[in-house]
1. Is it the case that some residue within the stretch 227-235 is within 16 Å of the ligand (Cβ to nearest atom) and at pLDDT 95 or above?
2. Identify the residue in the stretch 152-168 that is over 15 Å from the mean Cα position of the chain (by Cα) and surrounded by 20 or more Cβ atoms within 10 Å (Cβ to Cβ) and, among all such residues, is farthest from the ligand (Cβ to nearest atom).
3. For residue 176, work out the one condition from (1) buried (at least 21 other Cβ atoms within 10 Å of the Cβ); (2) on the phi > 0 side of the Ramachandran plot it doesn't fulfil.
4. All but one of (1) among the β-branched types (Val, Ile, Thr); (2) closer than 30 Å to residue 132 by Cα; (3) out of contact with any helix residue (DSSP H, G or I) (no Cβ under 7 Å at 6 or more places or on another chain) hold for residue 242, so report the exception by its number.
5. For the stretch 22-51, name all the residues that are among the hydroxyl-bearing types (Ser, Thr, Tyr) and assigned to a helix (DSSP H, G or I).
6. Quick check on the stretch 180-219: of everything there that is part of a loop (DSSP other than H, G, I, E, B), within 11 Å of the ligand (Cβ to nearest atom) and of a type in the set (Ser, Thr, Tyr), which residue is surrounded by the most Cβ atoms within 10 Å (Cβ to Cβ)?
7. Does the stretch 33-46 contain any residue that is of a type in the set (Phe, Trp, Tyr) and within 20 Å of residue 180 (Cα to Cα)?
8. Select from the stretch 178-217 the residues that are hydroxyl-bearing (Ser, Thr, Tyr) and touching a residue at least 40 places away in the same chain (Cβ under 8 Å) and write down the one among them that is nearest to residue 82 (Cα to Cα).
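The values are calculated or read from the model by the stated rules, or taken from the named source; none is laboratory data. Since the structure is predicted, the reported quantities are computational estimates derived from the model, not experimental observations. Every residue, glycine among them, receives a Cβ derived from its backbone with ideal geometry; neighbour counts consider all protein chains shown.
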Amino acid sequence: MGKVAIVTGGAKGIGASISYTLGKRGYSVVIADVDEEAGLYRLEQFHKENIDSLFVRTDVSSETDVKNLMDEVYKRYGRIDVLINNAGIGFSGRSIEEQTLEEWRKIIDTNLTGTWLCSKYVINYMKRNKERGGVIINIASTRALQSEPNTEPYSASKGGIVALTHSLAVSLSKYNIRVIAVSPGWIDTSRWQYPPKESRLTNLDHKQHLTRRVGIPEDISSIVLFLVSDEASWISGVNFVIDGGMTVRMIYLD
Ligand code: NAD
């Protein structure tokens, strides 16, 4: 039996690409997503390519759903090696004066509390791996480090994920569990949507990057594949920024 990886928000976007990449490299992949239709579509695609995979409908902000996810996966596979906390939602772009408490809570509950809940309930299973250990990857964002106006709930949730990663890495090292944050920059997920979409990016969008192009989900999944592997066994408690060099580029205010 190969290693087992859970990818939250694995039905679409970056999460779907991570699920596919891990599945192609021999991991059994569990797609844990709130979107059942997209999850079942993705599962069908994966089965056509002989990727061992399972879909468990999960709202990561629900404690009951998360407990059920971990139980179901362990029942099916008898082990859990990797957790990718990727499920997340964006921001409305409204000014803080117009943002509602409901909006703030929904973003914090999904992005930050969801990451905390999934990490909390996977530990009981990962620690059974003893010296084999486990890996938790938390998908944060460059918005944890750099901002534009009107992103408060999202930026706070992602900053929280980076800090949570540090704390988890320290607490879980005794179980040989590595915990790493990955902060993507601007990623065009159109090809991995359900159904796939046309990209609407302009030349100007691409030119914001030192690499002269916006990222694609594969730019993230290839690094995640490395970080969960034994080749990365000395890496824990850090935040990997993968952004085509956008964050270091200086901007001028008018
Ligand atoms: P996406 O919207 O394409 O995919 C997100 C997935 O999460 C969807 O399948 C959705 O159904 C699922 N999801 C949403 N709420 C959920 C919940 N409560 N429980 C379970 N699943 C839920 O988004 P994406 O662009 O692929 O983003 C994936 C992650 O990467 C997010 O955490 C996002 O904040 C982060 N990120 C994205 C970008 C980007 O430019 N795309 C940049 C930085 C960080």
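1. Restricting attention to the stretch 227-235, the residues satisfying the condition of being within 16 Å of the ligand (Cβ to nearest atom) are 227.
Checking which are at pLDDT 95 or above leaves us with 227.
Yes; the residues of the stretch 227-235 include at least one that is within 16 Å of the ligand (Cβ to nearest atom) and at pLDDT 95 or above.
2. Here the residue is 168.
3. The failed condition is (1).
4. The single condition residue 242 does not satisfy is (3).
5. First, pick out the residues of the stretch 22-51 that are among the hydroxyl-bearing types (Ser, Thr, Tyr): 27-28, 41.
The answer is 41, and nothing else.
6. Of everything passing the filter in the stretch 180-219, 189 is surrounded by the most Cβ atoms within 10 Å (Cβ to Cβ).
7. no
8. The extreme case among them is 183.
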